[in-house]
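Right, one structure below, let's go through it.
Just so it is clear, none of the values below were taken in a lab; they were calculated from the coordinates. What you see is a predicted model, and the numbers here were worked out from it, not measured in a lab. Note: ideal-geometry Cβ built from the backbone for every residue, glycine included; neighbour counts use all protein chains shown.
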Amino acid sequence: MTIDSMTAIAAVAIMALGSAFQAAAGIGLALFVVPVLALIGPPYIPGPMLLAGTVLAAMTAWRERYALDCAGLRLSLAGLLIGTAVGAVALKAIQR
């Protein structure tokens, strides 16, 4: 599937607007941008949205790095690792 330049420019503009709203208000990237991008074209979902969300979260964490709760972050990351492992095992068991 080819993507024409006007569609790509529109998608980038929508992503920029949604990212700015997300950074300012804390909501907007997935809630507002995904439905509009789905109307523009399916290739823009989910890959570009996941990348944009990850980059935006990393930039926000860097900006607010002095306000991070390191103990809470460690606990959250431990839960993420355990939950990922449990989910992978469950998916593997379901596929059999």
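A few comments on the model shown:
- Of the peptides 40-48, 78-86, the ranking by mean beta-carbon count within 10 Å, highest at the top, reads 40-48, 78-86.
- Look at [x] 13, 32, 28, 22, 4; [y] 15, 46, 29, 9, 0; [z] 16, 42, 29, 11, 2, 0: the one that is P(r) over Cα pairs in 10 Å bins from 0, in percent derived from this structure is [x].
- Principal-axis tilt of helix 5-25 within the chain, Cα atoms, nearest 10 degrees: 50 degrees
- Helix 70-95 axis, angle to the chain major axis (alpha carbon atoms, nearest 10°): 80 degrees
- Placing +1 on the Cβ of every Lys and Arg and -1 on the Cβ of every Asp and Glu, with nothing else charged, gives the chain a dipole about its Cα centre of roughly 340 debye.
- Taking θ as phi - 60° and the Karplus parameters 6.51, -1.76 and 1.60, the scalar couplings of region 29-34 work out to 5, 7, 5, 9, 7, 4 Hz in sequence order, x denoting glycine and proline.
- Subtracting the Cα-Cα distance of LEU39 and ALA78 from 0.36 nm times their residue separation leaves 10.3 nm of extension gain.
- Region 55-96-region 26-43 distance, computed between alpha-carbon centres (Å): 23 Å
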